[in-house]
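The values are calculated or read from the model by the stated rules, or taken from the named source; none is laboratory data. Model, not experiment: these values are computed from the prediction. Cβ placement follows ideal geometry from the backbone for every residue including glycine, while neighbour counts extend to all protein chains displayed.
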Amino acid sequence: MIEPLVVVPTQREAAAIDTARVRPVIGGVGMAAISATLSRALRETTPSLVILAGIAGSYGDALPPGEAVLVASERVADLGAMREGRFEALYPVDYRCPCATLFPEFKSVAANTVSVAGAPWVAPADVENMEGAAFFALCLAHGVPFVELRTISNRVGDPREKWNIPLAAEQLAAALHSLLEMAKYRL
């Protein structure tokens, strides 16, 4: 049986993961870094499942720090132009994850992928991150099953010193191990 491939943007997010159970690949922050890492990995193997596991900011208070969610849809939210003082999305594409419904134990959310955290002009969503849309696009292009697991570290717009990355990383590791157990029986 081919094992799942777990990609985590940073070492800090991966720190709490039990590497005796899974060896995450550090993908890097942002769409370019995750694209390069995932492209290289998918040339070397065809995993049974690809998981992007990382932290995210939530829009508003509906998702508290530490909550784990699965991303059902991603949008590159800041690809466009500023025209007359307002943002105009030039290439709006919503990517969908067909595997997100296999794990109803996790709340399903919509995400914006951004290069500027807390950009005030982005479209409505539940969470924001910096890698998800590129991850979705690559997995869909390669035809591999995938899910994106995120834990909340902050509210969008909070100053970085208010982000609770240790809690989010700890909860990410726990949620990842649960997701991997579930995936054994559902894929």
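Restricting the search to region 88-136, which residues are more than 15 Å from PHE146 (Cβ to Cβ) and within 12 Å of the chain's Cα centre (by Cα)? Don't jump to the end; show me each part of the working.
To start, the set of residues in region 88-136 that are more than 15 Å from PHE146 (Cβ to Cβ) comprises 88-94, 104-105, 107, 109-110, 112, 114-128, 130.
VAL109, ALA110, ASN112, VAL114, VAL127, GLU128, MET130 - these are the residues of region 88-136 that are more than 15 Å from PHE146 (Cβ to Cβ) and within 12 Å of the chain's Cα centre (by Cα).
Could you please tell me which pairs satisfy a Cβ distance under 6 Å, a separation of 6+ or placement on different chains, a first residue in region 163-186 that is in a helix (DSSP H, G or I), and a second residue that is surrounded by fewer than 20 Cβ atoms within 10 Å (Cβ to Cβ)?
Taking only residues 6 or more apart or on different chains, the pairs are LEU167/GLY66; ALA169/ALA15; ALA169/ALA16; GLU170/ALA16; GLN171/GLY66; ALA173/ALA16; MET182/PHE103; ARG186/LEU102.
Conditions first: (1) within 16 Å of ALA175 (Cβ to Cβ); (2) surrounded by fewer than 21 Cβ atoms within 10 Å (Cβ to Cβ). VAL25 passes all but one, so which condition is the exception?
With (1) within 16 Å of ALA175 (Cβ to Cβ); (2) surrounded by fewer than 21 Cβ atoms within 10 Å (Cβ to Cβ) applied to VAL25, the lone miss is (1).
Step by step: first the residues of region 137-158, then only those that are hydrophobic (A, V, I, L, M, F, W, C) and under 10 Å from the mean Cα position of the chain (by Cα), then the one that is nearest to ALA183 (Cα to Cα). Which residue is that?
Filtering region 137-158 for residues hydrophobic (A, V, I, L, M, F, W, C) gives 137-141, 144, 146-147, 149, 152, 156.
After this cut, where a residue has to be under 10 Å from the mean Cα position of the chain (by Cα) as well, the list is 147, 149.
Numbers: VAL147: 10, LEU149: 13 Å.
Per the stated criteria, the residue is VAL147.
Report the residue count in region 15-29 for those that are out of contact with any helix residue (DSSP H, G or I) (no Cβ under 8 Å at 6 or more places or on another chain) and within 28 Å of ASN154 (Cβ to Cβ).
Residues of region 15-29 that are out of contact with any helix residue (DSSP H, G or I) (no Cβ under 8 Å at 6 or more places or on another chain), as a first pass: 19-20, 23, 29.
Checking the rest, the ones that are also within 28 Å of ASN154 (Cβ to Cβ) come to 19, 23, 29.
Within region 15-29, residues that are out of contact with any helix residue (DSSP H, G or I) (no Cβ under 8 Å at 6 or more places or on another chain) and within 28 Å of ASN154 (Cβ to Cβ) number 3.
Any idea which residue in region 74-123 is farthest from ALA137 (Cα to Cα), counting only those that are of a type in the set (Ser, Thr, Tyr) and touching a Gly at 6+ places or on another chain (Cβ under 9 Å)? Don't jump to the end; show me each part of the working.
As a first pass, look at region 74-123 and keep what is of a type in the set (Ser, Thr, Tyr): 91, 95, 101, 108, 113, 115.
Then drop every residue that is not touching a Gly at 6+ places or on another chain (Cβ under 9 Å), which leaves 91, 95, 113, 115.
Values: TYR91: 14, TYR95: 7, THR113: 12, SER115: 16 Å.
Step by step, filter region 74-123, then rank; the result is SER115.
Residues that are out of contact with any Ser or Thr (no Cβ under 9 Å at 6 or more places or on another chain) and either under 20 Å from VAL116 (Cβ atoms) or not hydrophobic (A, V, I, L, M, F, W, C) (or both): does region 61-69 have at least one? Break it down into steps so the answer makes sense when it comes.
Step one: list which residues in region 61-69 are out of contact with any Ser or Thr (no Cβ under 9 Å at 6 or more places or on another chain), which gives 61-63.
Within this subset, residues satisfying the condition of being either under 20 Å from VAL116 (Cβ atoms) or not hydrophobic (A, V, I, L, M, F, W, C) (or both) are 61.
There is at least one residue in region 61-69 that is out of contact with any Ser or Thr (no Cβ under 9 Å at 6 or more places or on another chain) and either under 20 Å from VAL116 (Cβ atoms) or not hydrophobic (A, V, I, L, M, F, W, C) (or both).
Applying the selection to region 9-31, what residues are within 14 Å of the chain's Cα centre (by Cα) and in a helix (DSSP H, G or I)?
GLU13, ALA14, MET31 - these are the residues of region 9-31 that are within 14 Å of the chain's Cα centre (by Cα) and in a helix (DSSP H, G or I).
Among the residues that make up region 98-109, is at least one of them closer than 22 Å to ARG155 by Cα, at pLDDT 95 or above and among the charged types (D, E, K, R)?
First pass over region 98-109, keeping only residues closer than 22 Å to ARG155 by Cα: 106-109.
From what is left, the residues that are at pLDDT 95 or above are 106-109.
Subset that is among the charged types (D, E, K, R): 107.
Checked against the condition, which is being closer than 22 Å to ARG155 by Cα, at pLDDT 95 or above and among the charged types (D, E, K, R), region 98-109 yields at least one hit.
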